[in-house]
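Quick notes on the structure that follows.
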Amino acid sequence: MEAENIVLENDEMFSINKDGEFCDIAGNLLTIEANTIEELTEYYEKMIEKIAEIKLEEGKSNPPPFKFLKGKLIIDEKGTNIGIHATNDKEMKKVINVLEKYYSCSLKKLEFTYMKRKEVKKGEGYYLQGLEYNELYLKSPSFLLKCSIQDKEKIHELLDVKKRSDKWLWFPERLEQTKHYVKGNIKNEYPIFIISKGRFHRNKKYQPPKTAQYLESINVDYKIVVEPQEVDEYAKSISKNKIITLPDEYLNKNQGSIPVRNFVHHYNIDKEETAYWILDDNINDYYWVDNNERYKVRDAFAFKFVEDLMNNYDNVYLAGHQYKMFCPPTDYRNVIQQNGRVFSSILIRTDTPSLNDEADIWRGRYNEDVDLSLRLLKQGLPTILSIVLSADKERTGGSGGNEEIYVEDNNHSGVEKSNSLLEHHADCIDIVERYGRTHHKIKTEMFENNKYIRSNDFTENKYNIIYK
């Protein structure tokens with residue numbers, strides 16, 4: 001006899017395989033944990049009693065082992081999550097009817113979640129609050145479904161909705177976004193530099209790297225720093241007056257992007273700039289969040305917003321944009337993230353505390369942005385990451401200039417990258433395994449008390465943002 005979906009009084013579930021062994025709902029042999037022999041015996045006897053109680057018939061087909069959590073339904077423990085969203089309760093009932101028929105079961109136990117207005121904590125950047133909620137989203141029920149890829153395909157088919165992602169589904173259609181772009185009608189204050197290597201050719205043609213394409217599209221000036229042997233290649237798609245050739249003394253250091261970063265820093269010191277931007281070359285776009293939607297930023301507001309944040313504090317030497325993937329438009333948090341690492345889209349003051357007599361601020365070979373952020377944070381100096389205005393950056397690696405050192409790191413394993421941080425920052429990071437790779441995890445709680453010192457000309461900047 002084989003049983004599935006056997007539920008004990010404490011909502012724990014088990015089944016029996018063809019050999020008569022107890023298994024979990026995924027079919028793995030079940031391990032029973034108990035503090036005493038008596039407790040173990042009691043648990044075992046309850047399982048035996050439950051089997052006798054249900055008296056499943058030989059060969060009877062049983063529904064899959066369901067598991068209900070708050071706002072989540074698990075069909076397949078080995079499956080992946082998909083967010084099921086409906087525009088209102090009436091539409092969600094239609095979804096549930098389809099799922100009940102498909103799985104031949106009742107889903108009355110399933111709870112939905114609804115977006116709630118969140119009171120943003122008071123803190124630095126408080127004057128920027130005032131983001132609006134889309135009232136329709138507040139009335140939209142949702143839940144997570146963990147199931148197989150095959151089930152996801154079938155559910156899309158049964159609901160007759162176009163598949164747009166394996167991670168989410170809207171029924172009948174996602175709430176319509178009527179506007180897609182924002183402008184602040186404002187210019188950036190500090191110069192922008194892109195560092196690039198090997199990204200002058202894409203899709204079988206010469207074209208600027210993604211970041212340069214974005215800046216060109218919004219008519220914002222920039223400089224791109226490249227190695228001498230690639231100048232002519234970049235010049236096939238970028239005006240030569242925007243190209244800076246990396247001097248020989250910064251070449252062939254086998255340190256990834258560290259030498260060119262130090263060059264850009266010295267270049268701006270020599271130009272007597274107060275601060276400057278240094279951008280990775282694979283940023284697709286910048287996004288502003290409001291009304292539970294993302295809007296592409298179509299002018300220099302993308303940079304002036306963060307510049308104003310930095311200018312308001314005397315002791316902020318590092319600021320930037322959080323990644324778009326970490327800033328979902330349906331999850332309003334603070335407008336800024338305080339005292340975190342800053343990466344890829346970085347605003348740096350030229351008087352940033354240096355490492356040596358040459359005024360270098362970058363070192364090592366890997367994770368240079370994490371190293372710089374941690375050095376400042378450990379000195380009690382706060383950092384700022386914009387959340388409401390984020391950067392859409394492509395995956396690190398690929399055909400870029402750092403690919404060589406990533407491959408040397410046991411083909412992107414992350415071990416060398418993490419160990420390089422341990423050398424200087426073992427006191428504030430942990431090494432963890434995620435997504436099949438080695439990663440670092442910063443002990444952010446160590447820096448929660450880094451205080452911001454407001455400048456004498458602190459300004460509660462208000463922007464005349466235009467939506468289009």
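Model label points for TYR103 and GLU273, set 7 angstrom from Cα along the Cα-to-Cβ axis, are 5.5 nm apart. Counting charges near LYS72 (Lys, Arg +1; Asp, Glu -1) among other residues having Cβ under 11 Å from its Cβ returns a value of +2.
Of the solvent-accessible surface of the range 67-161, computed with a 1.4 Å probe over protein heavy atoms with every protein chain present, carbon and sulfur atoms account for 50 percent.
If R0 equals 45 Å, the separation of the Cβ atoms of ILE431 and ILE32 corresponds to a calculated FRET efficiency of about 0.85.
Measure up LYS236/LYS296; LYS109/LYS163; LYS242/LYS271 against 19 Å on the Cα-Cα distance and list the ones that go over. Don't skip to the end; give the middle numbers.
Values: LYS236/LYS296 28 Å; LYS109/LYS163 27 Å; LYS242/LYS271 16 Å.
Those over the limit are LYS236/LYS296; LYS109/LYS163.
Evaluated with a Cβ-only charge set (Lys, Arg +1; Asp, Glu -1), the chain carries a dipole of roughly 2040 debye about its Cα centre, given to the nearest 20.
Counting only the Cα atoms, the range 105-233 fills a convex hull of 253 Å³ per residue. Greater than 25 Å separation of Cα atoms is the criterion. Which listed pairs, LYS90/LYS183; LYS118/LYS152; LYS101/LYS152, meet it? Distance filter (> 25 Å) returns LYS90/LYS183; LYS118/LYS152.
Using only the C-alpha atoms, the convex hull of the chain corresponds to 205 Å³ per residue. Expressed in units of 2.2 N^0.38 Å, where N is the residue count, the Cα radius of gyration of the range 81-176 is 1.30.
The 1.4 Å probe gives accessible areas that order MET446, MET47, largest first, as MET446, MET47. A simple spin-label model places the labels of ASN252 and ASN315 4.5 nm from each other, with each point 7 Å out along Cα-to-Cβ.
Under the combined filter of DSSP loop state and at most 13 neighbouring Cβ atoms within 10 Å, the range 97-174 retains these GluC sites (Glu not before Pro): GLU111, GLU119, GLU132, GLU173. Run the simple label-point estimate for HIS201 and ALA359 please: 7 Å along Cα→C-beta, distance reported in nm. Taking the two extended label points, one gets 3.8 nm.
For the range 158-308, go through all pairs of different Cα atoms, get the mean of 1/r, take its inverse, and jot down that Kirkwood value in Å.
17.8 Å
When the Cα atoms of the range 282-342 are aligned to their principal axes, the ranges along those axes come out at 33, 24, 23 Å in descending order. For the range 254-324 versus the range 138-173, the inter-centroid distance based on Cα atoms is 37 Å.
The values are calculated or read from the model by the stated rules, or taken from the named source; none is laboratory data. Since this is a predicted model, take the numbers as computed values, not measurements. Here Cβ is always computed from backbone atoms with ideal geometry, including for glycine, and neighbour counts include all displayed protein chains. Side chains included, ligands, DNA and RNA excluded: accessible areas come from the protein's heavy atoms. Shrake-Rupley method; radii C 1.70, N 1.55, O 1.52, S 1.80 Å.
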